[in-house]
Amino acid sequence: MKSSGTDAQADLLTALIERSTLSLRGMVGLLDAEHSALRNGDVMAVKHLSQEKSAGLLSLSALLAQLRLRPWPAHLPANELLSLLDRCQEQNRANGLLMNLQAARHQAGHTSLGLASDGYGRHGSTPLRAEIRTLASC
């Protein structure tokens, strides 16, 4: 028989997993919208979405750090959470590469977004790094 403390811990872990999954679903939508804005050259949308993404990444990072501190119960499948994490990472990397390509075009004299992003690291795939790269300027 489980103690009420064990039940409370299981409930807390389940709630944490649910919040993390919801946050990741929101991040997927945000990254898809960012990709669309990048492809359309919508500077204001990219700036806004980049700021939202940065805030969301900090919150999500805190949730995932809490999850790492707890043993994962066998009855709770991690597949959806891991799949969403992979999807976010892949889309963020693709968005970073697209932004870097546009910055390279700008440097070569072609059209670009002409904005700074605080959502990508040195290789377009590390959004939580302390150093922030300015990709292009107006």
Among residues of the range 120-134 being closer than 30 Å to Ile17 by Cβ and among the hydroxyl-bearing types (Ser, Thr, Tyr), the residue modelled with the highest pLDDT is Tyr120
When the range 47-72 is checked residue by residue, the ones that are without any contact (Cβ under 8 Å) to a residue 12 or more places away in the chain, farther than 15 Å from Arg19 by Cβ and assigned to a helix (DSSP H, G or I) are His48, Ala55
Quiz item: If we scan the range 104-119, do we find a residue that is within 12 Å of the chain's Cα centre (by Cα), open to solvent by less than 20 Å² (accessible area, probe 1.4 Å), of a type in the set (Gly, Ala, Ser) and at pLDDT 80 or above?
Solution: no
The correct count of residues that are in contact with a Ser or Thr (Cβ under 9 Å, 6 or more places away or on another chain) and among the acidic types (Asp, Glu) in the range 14-58 is 2
Scanning the range 29-82 residue by residue, those farther than 30 Å from Arg105 by Cβ and among the acidic types (Asp, Glu) turn out to be Glu80
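If we keep just the residues of the range 73-101 that are outside any helix (DSSP H, G or I) and touching a residue at least 40 places away in the same chain (Cβ under 8 Å), which is nearest to Glu34 (Cα to Cα)? Reasoning before the result, please.
Let us first name the residues in the range 73-101 that are outside any helix (DSSP H, G or I), namely 73-78.
Next, only the ones that are touching a residue at least 40 places away in the same chain (Cβ under 8 Å) stay: 73, 76.
Numbers: Pro73: 35, Leu76: 31 Å.
Across the range 73-101, the extreme among qualifying residues is Leu76.
Does Thr21 qualify as being loosely packed, with under 14 Cβ neighbours inside 10 Å and either closer than 29 Å to Arg68 by Cα or modelled with pLDDT under 85 (or both)?
Numbers: loosely packed, with under 14 Cβ neighbours inside 10 Å: no; either closer than 29 Å to Arg68 by Cα or modelled with pLDDT under 85 (or both): yes.
No, not satisfied.
Out of Asn79, Asn95, Asn40, which single residue is surrounded by fewer than 16 Cβ atoms within 10 Å (Cβ to Cβ), over 10 Å from the mean Cα position of the chain (by Cα), of a type outside the set (Phe, Trp, Tyr) and modelled with pLDDT of 85 or more?
On the way: Asn79 fails: modelled with pLDDT of 85 or more; Asn95 fails: surrounded by fewer than 16 Cβ atoms within 10 Å (Cβ to Cβ).
One residue alone meets the criteria, Asn40.
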Over the range 61-76, the set of residues at pLDDT below 75 and either among the hydroxyl-bearing types (Ser, Thr, Tyr) or open to solvent by less than 50 Å² (accessible area, probe 1.4 Å) (or both) is Pro73, Leu76
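The values are calculated or read from the model by the stated rules, or taken from the named source; none is laboratory data. None of the values given here were measured: they were computed from a predicted structure. As a convention, Cβ positions derive from the backbone with ideal geometry for all residues, glycine included, and neighbour counts pool all protein chains shown. Remember, those area values only see protein heavy atoms, side chains included, never the ligands or the DNA or RNA. Shrake-Rupley method; radii C 1.70, N 1.55, O 1.52, S 1.80 Å.
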